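This report concerns only the one structure given below.
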Amino acid sequence: MSFFIPAEIASAVNTGALPPDTGYYPVEIIKFEDRNVLDRQGNYSYFIHLKFPDGSTTREIGSCPFNAEGVMAPALAALSEDARKAKIGGMVGALKRVALSAGITEDYMAEHGLSTDYLVGREAYIAWLGRPSDTPKGVKAYGTPKAFILKEAYEAHEAKGEKPEDHREFPWRRAAAAAPAAGSTKPMPAPPKRNGFPPPPRG
């Protein structure tokens with residue numbers, strides 16, 4: 001007797017492995033998930049799900065100014081033109097970096113727009129900040145994509161054996177920086193010597 005797991009199921013289910021350490025990685029975009037909620041600014045919210053070469057997965061939250069039909073988020077429509085343009089630029093810029101990393105060209109997007117449907121299943125490249133190695137026992141801390149990068153940048157970093165710089169701040173690091181180092185506490189200075197009261201003035 002044997003069993004068969006369909007390819008789409010075998011591909012979609014991960015083994016439970018934790019994402020890798022800090023580095024540059026190719027990743028497969030496996031899903032754009034509509035969170036069906038608006039973010040705090042009133043824009044559409046999504047998760048982008050990524051799979052590493054070892055089969056481990058992660059997801060990154062993002063916001064989009066337009067829904068699947070290209071309808072603008074109501075909160076944006078209420079803004080002034082300049083404010084709306086700035087907000088749209090930031091969100092669309094983030095999605096374009098994903099698209100460029102996945103091989104979609106500027107020319108294509110200029111002519112056809114960008115549907116996240118066409119990103120699913122593509123390979124992209126990321127600078128990945130892994131779970132901090134100094135995380136205290138029992139404390140939850142996760143890795144996160146630092147940036148989506150072009151394939152050429154990925155290959156250049158790999159050739160040099162480089163890793164992304166990690167400037168994240170964590171509560172335990174701030175606490176350690178604020179605490180005095182062991183053995184560095186200085187003793188309190190001795191009180192100044194008193195020579196008695198000065199003599200009263202002569203009349």
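Some observations on this one:
- Some residue of the stretch 28-49 being among the β-branched types (V, I, T) and part of a loop (DSSP other than H, G, I, E, B): no
- Inspection of the stretch 24-45 identifies at least one residue that is of a type in the set (A, V, I, L, M) and farther than 16 Å from V120 by Cα.
- Residues that are buried (at least 16 other Cβ atoms within 10 Å of the Cβ) and more than 19 Å from the chain's Cα centre (by Cα) were ranked within the stretch 43-76; the one that is farthest from A156 (Cα to Cα) is A75.
- Scan of the stretch 110-146 for residues that are touching a helix residue (DSSP H, G or I) at 6+ places or on another chain (Cβ under 7 Å), at pLDDT 95 or above and not hydroxyl-bearing (S, T, Y), ordered by number: L119, A124
- Failed item in (1) in a strand (DSSP E or B); (2) polar (S, T, N, Q); (3) loosely packed, with under 13 Cβ neighbours inside 10 Å, with S2 passing the rest: (1)
- A residue that is under 21 Å from C64 (Cα atoms), small (G, A, S) and in contact with a Leu (Cβ under 9 Å, 6 or more places away or on another chain) occurs nowhere in the stretch 145-161.
- Test: residue in the stretch 156-163 that is within 21 Å of L50 (Cβ to Cβ), surrounded by fewer than 13 Cβ atoms within 10 Å (Cβ to Cβ) and modelled with pLDDT of 85 or more: yes
The values are calculated or read from the model by the stated rules, or taken from the named source; none is laboratory data. As the structure is a computational prediction, the values presented were derived from the model and not from experiment. No Cβ is skipped: glycine too gets one built from the backbone with ideal geometry, and neighbour counts run over all protein chains shown.
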